[in-house]
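Read through the structure below, which is laid out as structure tokens, and then see the notes.
The values are calculated or read from the model by the stated rules, or taken from the named source; none is laboratory data. Since this is a predicted model, take the numbers as computed values, not measurements. Note: ideal-geometry Cβ built from the backbone for every residue, glycine included; neighbour counts use all protein chains shown. Protein only, heavy atoms only, side chains kept; ligands, DNA and RNA dropped before computing areas. Shrake-Rupley method; radii C 1.70, N 1.55, O 1.52, S 1.80 Å.
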Amino acid sequence: MYSENAWKKYTDKELKDLFKFNDEYIEFLSNNKTEREITSYSVKVLEENGFKDLKTLTSVKAGDKVYAVNRGKNVAAFIVGKEDIEKGLNILGAHIDSPRLDLKQNPLYESSDFALLDTHYYGGIVKYQWVARPLAIHGVVVKKDGTVINVVIGEDDNDPVICITDLLPHLAQDKNTKPGTKVIEGEDLDITVGSMPLKDEEKEPVKKLILNILKEKYNIEEEDFLSSELEILPQGKARSMGLDSSMVLGYGHDDKVCAYTSLRAVLDTKETERTSCAVLVDKEEIGSVGATGAQSRWFENVIAELISKSKDGYNDLMLRNTLTNSYMLSSDVSAGFDPLYPGVFEKKNSSYLGKGLTFNKYTGARGKSGCNDAMPEFMAMIRNVMDSNKISYQTAELGRVDQGGGGTIAYILANLNMNVIDAGIPVLSMHAPFEVVSKADVYEAYKGYIAFIKDIK
Ligand code: MN
Ligand code: MN
């Protein structure tokens, strides 16, 4: 069902299922905003659904369901297939980090009787979108003795929120003549967190009061910021959007919408011929680097462990063969066509909200640079499986040629010599504090991911 509006095909029963699935997604997105939160959530639901920690098993066999976790920030879930694992896996890979503001290592200061927190933004944000809106703090502070303190401030109705202030239009004559990238600059993204001085305190009394509150509530001292990972995120829940409730407005659809649908595809599938997998990674928004990014050896190590526990006489060639014979959907969002900005898109090769799961054969910029350009043989297999499962799907490029561009984790896994293609959900306002997706696309992606893990061979 190539390039047709999916909404037209649903029966009443299907519409009911679609809205129910999206209600569950909205709840997930509202309650899980960071990599760590999504990893803990995933482990919880995986265990509830009979998945076992691979580390605790000495052997695995066809039909077993297992998972692995990396540093609290990556998770991979597997359904062990009936077929020899060396024939390859069907993998769904998504990222669970989203653009945001991170606190600097020495963030807290006082200025003109205000206490402020200094930040360094994470990923590609449009800076002026982050001011004058309620923000929350999510993350961890690790004490010198190794104790990890979980912090979430601003989501509970009784919590205060925090905010970056903006200049009133009455005095913005100079500011408003600046180009968009300079209206709010990186060092302007400091968050106001206090304005009340501690009584009888001479030196920095407002900052001192904030430190007292942190000490009392969380046992955090100022130096503990040095070993913290505190993310400043848009406060509030995801919501149904549109008078017809056909869309979802929420923080971090990129790429939690593909992460959720990928995870659900594996959770809701009983058994598969080939070993199937959903893997959720970190750090995509800053280049997939580091021990928890897609470039980490972790995923390869987990597959090696899985092979060694499912076959006798493990050797390196078995791992190489497994990777070579694997198929992967790099489940990541696509730029949805926006009628307010038609000029940056090329209409024939754009992704439209409501037309279903979007395949990007390639991404990249300036002459496809840096992209994974999927094999046409693989794309043909995909077309066959999508059509035979009646999945609504479409194909797209990321905007007009030379208008910009972007990348995903696709090329990283393709470097292990497996077939990979980008497949995700179109998003409007991508990387903004609140992004938009169509409920039909969320549902089609979920169904399409199930079809992929079951039927690609
Ligand atoms: Mn993404
Ligand atoms: Mn992104």
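How charged is the neighbourhood of E110? Take every other residue with its Cβ under 10 Å from the Cβ of E110, and add Lys/Arg as +1 and Asp/Glu as -1.
+1
Counting helices only, and only those DSSP H runs with n ≥ 4, report the 222 nm mean residue ellipticity of the chain as the sum of -39,500 (n - 2.57) divided by its residues, in deg cm²/dmol to the nearest 500.
Counting only the DSSP helices, I get -8500 deg cm²/dmol.
Along the Cα-to-C-beta direction of V152, a point sits 7 Å from the Cα; which residues of region 190-227 have their amide N less than 17 Å from that point?
Within reach of a label on V152, which here means backbone N under 17 Å from a point 7 Å along Cα→Cβ, region 190-227 contributes 218.
Per residue of region 366-375, what does 6.51 cos²θ - 1.76 cosθ + 1.60 with θ = phi - 60° give for ³J(HN,Hα)? Whole Hz please, x for Gly and Pro, Karplus curve as stated.
Along region 366-375, the couplings run 6, x, 6, 4, x, 9, 9, 9, 5, 5 Hz.
Return the long-range amide H neighbours of Y122 (sequence gap of 5 or more, or a different chain), with a cut-off of under 5 Å between placed amide H atoms.
R100, L101, D102
Once each part is reduced to its C-alpha centroid, what is the distance from region 265-314 to region 387-457 in angstrom?
19 Å
Among residues other than E346 whose Cβ falls under 15 Å from its Cβ, what is the net charge (Lys/Arg +1, Asp/Glu -1)?
+2
What ranking, highest mean first, results for peptides 44-51, 254-261 when packing means the other Cβ atoms within 10 Å averaged over each residue?
254-261, 44-51
Please sort 89-97, 116-124, 299-307, 75-83 by packing, taking for each peptide the average over its residues of neighbouring beta carbons within 10 angstrom, highest first.
Peptide ranking by packing, descending: 89-97, 75-83, 299-307, 116-124.
Given a 1.4 Å probe and every protein chain left where it sits, what share in percent of the accessible area of the chain is carbon and sulfur?
50 percent
For E222 and K55, calculate 0.36 nm times their separation in residues minus their Cα-Cα distance, and state this gained length in nm to one decimal.
56.4 nm
If we count every other residue with Cβ under 10 angstrom of I137's Cβ, Lys/Arg +1 and Asp/Glu -1, where does the sum land?
After counting each charged neighbour, the total is -3.
To the nearest 0.05, what FRET efficiency results for K13 and S112 with a Förster distance of 60 Å applied to their C-beta separation?
0.50
Assign one of three labels to region 28-160, namely rounded, prolate or oblate, based on the Cα gyration tensor with a ≥ b ≥ c the square roots of its eigenvalues; rounded applies when a/c is under 1.5, prolate when it is not and a/b is larger than b/c, and oblate otherwise.
Because a/c hits 1.5 or more and a/b exceeds b/c, region 28-160 counts as prolate.
Determine the gain in length on full extension of the stretch K175-A132; use 0.36 nm per residue of separation and subtract their C-alpha separation, reporting nm with one decimal.
Extra length available between K175 and A132 comes to 13.9 nm.
Using a 7 Å offset from Cα along Cα-Cβ at T165, what residues in region 200-236 end up with backbone N under 15 Å from the label point?
206-207
Using heavy-atom solvent-accessible surface (probe 1.4 Å) with all chains present, what is the largest-first order of F337, F359, F19?
Per-residue accessible area, sorted high to low, gives F19, F337, F359.
I'd like the distance separating the alpha-carbon centroids of region 163-183 and region 101-116, in whole Å.
21 Å
With a 1.4 Å probe and all protein chains left in place, how much accessible area per residue does region 100-234 have, in Å²?
Solvent-accessible surface per residue comes out at 59 Å².
Figure the gain on full extension for D200 and D402 (residue separation times 0.36 nm, minus the Cα-Cα span) and round it to one decimal in nm.
This chain segment gains 66.7 nm when fully extended.
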